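K.L.:
Following this message is one structure expressed as structure tokens.
The values are calculated or read from the model by the stated rules, or taken from the named source; none is laboratory data. This one's a predicted model, so the numbers in the text were calculated from it and none came from an experiment. Note: ideal-geometry Cβ built from the backbone for every residue, glycine included; neighbour counts use all protein chains shown. Accessible surface areas use protein heavy atoms only, side chains included; no ligands, DNA or RNA. Shrake-Rupley method; radii C 1.70, N 1.55, O 1.52, S 1.80 Å.
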Amino acid sequence: MSEPILRCMKCHKEYDASQIVYTCTGCGALLEVVIEPPKVTLKEMARRPLRVWRYREFLPIAKETPIISLDEGGTQLYRCDKLAKWAGIRRLYIKYEGANPTGSFKDRGMTLGVTKAKSLGSKAVACASTGNTSASLSAYAARAGLTCYVILPAGKVAMGKLAQALMHGAKVISVKGNFDQALNIVMGISTKMGIYLLNSINPWRLEGQKTLAFEVVDQLGHVPEMVAVPMGNCGNISAIWKGFKEFQDAGITDCLPRMYGVQAAGSAPVVRMLRENLSELAPVNSPETVATAIRIGNPVNWPKAVNAIKESKGAYDAVSDDEIVETQRIIACLEGIGVEPASAASVAGVRKAASIGAMDADAEVVCVCTGHLLKDPEEVISICGKPIEVPPDLKAVSEMLSPV
Ligand code: AN7
């Protein structure tokens, strides 16, 4: 089997796997990992537990490399009949990425990315983050014994995520700017200071994230018609699409889903680009949304996401903060599944598409719910309010209850 390589999406320049490079040194475009489709069946891989590393033949890490892992992946795929009815479609599943070790899908990427960093001999890793990337990277860096630097947009990172980065021992630096500015800074620093960069511009990280597609095929027993994904920096939708394509290339599946990318209305440059048929992304300079995870105005992976949506004959839309918050609450109350606001965007997008006739009522959709409810407790209190306080006696409490 040939070794995995990196290839430029635009000029096709190739790099071998030992080079530390994030974008094409020739033309500046994004790089993609290219692997030879492995000859392995689902059944053979099913001897291993349902986790990211079940699919190791598809993961571009040499067999002898020590893996840095927290047993990520293997997240639940919940069938949600009440939610499907609410959204106006036949069948809806939630792929619950909040069940990962640090509470988001980022862990799938970080097991790959930090394993790679360690195998390349890096001593320090860094990222800019709206929160979850930093929470995940700091945990995996701790496990690997690497120094970790995270650059955050000041005041715009949910408390749970910040708590994680701090407790796992990362050096946390807040900049008085937004995520896009933080990412520019960390990209400059990592090249200059030899610190390994683990934002989703790093194509190795996305290799871990593609396993979500593999798991869905394993859990559902077939390829779903549509996969709805919230988009921020646009790495995840690209990675998931790559996963579905690789399963098809390897002969494991014989069809592909449509990819549905959903952004928050105040932070929707990719949706605007596609809607207005622009040839380049027009960044949003001051992105705003309650879903701080996807408060990103200049997503670096937009070319990959646009490819995923176009190649899959998929769809795209933006949802308002009100729709996001309402959907988050509905998912929690109807199905018992706690997700953070950005995660609810995928389900809100499905409901919107069904209501305007952009999605077949007969569709079967997998919604990727990317992060856990507990990530952003302040948002919860701001929408649900604080609990009612009463004196500590039976009468006062029973007055609050309705008789059954
Ligand atoms: C819960 O942590 O970008 O489109 O710096 O945390 O792959 O960026 C988070 C992104 C969706 C968007 N849902 O994924 C970060 C960061 C949640 C997220 C996204 C994020 P991408």
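K.L.:
Report whether or not ALA182 is in a helix (DSSP H, G or I), more than 18 Å from the chain's Cα centre (by Cα) and within 13 Å of the ligand (Cβ to nearest atom). So that I can check it myself, show each step before the final result.
P.N.:
Working: in a helix (DSSP H, G or I): yes; more than 18 Å from the chain's Cα centre (by Cα): yes; within 13 Å of the ligand (Cβ to nearest atom): yes.
For ALA182, the condition - in a helix (DSSP H, G or I), more than 18 Å from the chain's Cα centre (by Cα) and within 13 Å of the ligand (Cβ to nearest atom) - is met.
K.L.:
Sort out which residues of the range 123-134 are in contact (Cβ under 8 Å) with a residue 40 or more places away in the chain and near the ligand (Cβ under 9 Å from one of its atoms), and write them in order of number. Before the answer, list the steps.
P.N.:
Of all residues in the range 123-134, those in contact (Cβ under 8 Å) with a residue 40 or more places away in the chain come to 124-133.
Of everything in the range 123-134, those that are in contact (Cβ under 8 Å) with a residue 40 or more places away in the chain and near the ligand (Cβ under 9 Å from one of its atoms) turn out to be CYS127, ALA128, SER129, THR130, GLY131, ASN132, THR133.
K.L.:
Can you find, within the range 190-199, the residue that is nearest to ASP180 (Cα to Cα) among those that are modelled with pLDDT under 95 and open to solvent by 10 Å² or more (accessible area, probe 1.4 Å)? Full working, then the answer.
P.N.:
The initial filter retains those residues of the range 190-199 that are modelled with pLDDT under 95, namely 190-194.
Cutting the leftovers down to open to solvent by 10 Å² or more (accessible area, probe 1.4 Å) gives us 191-194.
Working: THR191: 17, LYS192: 19, MET193: 20, GLY194: 21 Å.
Here the residue is THR191.
K.L.:
Right, next: Identify, please: which residue in the range 154-169 is without any contact (Cβ under 8 Å) to a residue 60 or more places away in the chain, open to solvent by 50 Å² or more (accessible area, probe 1.4 Å) and assigned to a loop (DSSP other than H, G, I, E, B) and is, among those, nearest to ILE294 (Cα to Cα)? Break it down into steps so the answer makes sense when it comes.
P.N.:
Of the range 154-169, the ones without any contact (Cβ under 8 Å) to a residue 60 or more places away in the chain are 154-155, 162-163, 165-169.
Add one more test, that the residue is open to solvent by 50 Å² or more (accessible area, probe 1.4 Å), and what stays is 155, 163, 166-169.
Okay, now just the ones that are also assigned to a loop (DSSP other than H, G, I, E, B), so 155, 168-169.
On the way: GLY155: 15, HIS168: 23, GLY169: 24 Å.
Filtering first and then ranking leaves GLY155.
K.L.:
Are any residues in the range 239-292 assigned to a helix (DSSP H, G or I), open to solvent by less than 10 Å² (accessible area, probe 1.4 Å) and under 30 Å from GLU378 (Cβ atoms), and if so, which ones?
P.N.:
Scanning the range 239-292 gives ALA239, ILE240, SER267, PRO269, VAL270, VAL271.
K.L.:
Then there's this: In the range 170-179, what residues are part of a strand (DSSP E or B) and without any contact (Cβ under 8 Å) to a residue 24 or more places away in the chain?
P.N.:
Narrowing the range 170-179 to residues part of a strand (DSSP E or B): 171-175.
Residue satisfying the conditions is SER174 alone.
K.L.:
Residues ALA293, ALA213, ALA239, ALA305: which one is in the same structural domain as SER346 (by TED's automatic domain parsing), more than 10 Å from the ligand (Cβ to nearest atom) and either of a type in the set (Gly, Ala, Ser) or more than 22 Å from VAL365 (Cα to Cα) (or both)? Spell out the reasoning first.
P.N.:
Numbers: ALA293 fails: more than 10 Å from the ligand (Cβ to nearest atom); ALA239 fails: more than 10 Å from the ligand (Cβ to nearest atom); ALA305 fails: more than 10 Å from the ligand (Cβ to nearest atom).
Just one listed residue meets the conditions, ALA213.
K.L.:
Which is of a type in the set (A, V, I, L, M), more than 16 Å from the ligand (Cβ to nearest atom) and either open to solvent by 10 Å² or more (accessible area, probe 1.4 Å) or not assigned by TED's automatic domain parsing to the domain that holds SER355 (or both), of LEU112, LEU137, LEU92, LEU77? Let's see the steps before the verdict.
P.N.:
Numbers: LEU112 fails: more than 16 Å from the ligand (Cβ to nearest atom); LEU137 fails: more than 16 Å from the ligand (Cβ to nearest atom); LEU92 fails: either open to solvent by 10 Å² or more (accessible area, probe 1.4 Å) or not assigned by TED's automatic domain parsing to the domain that holds SER355 (or both).
LEU77 is the lone residue from the list that is of a type in the set (A, V, I, L, M), more than 16 Å from the ligand (Cβ to nearest atom) and either open to solvent by 10 Å² or more (accessible area, probe 1.4 Å) or not assigned by TED's automatic domain parsing to the domain that holds SER355 (or both).
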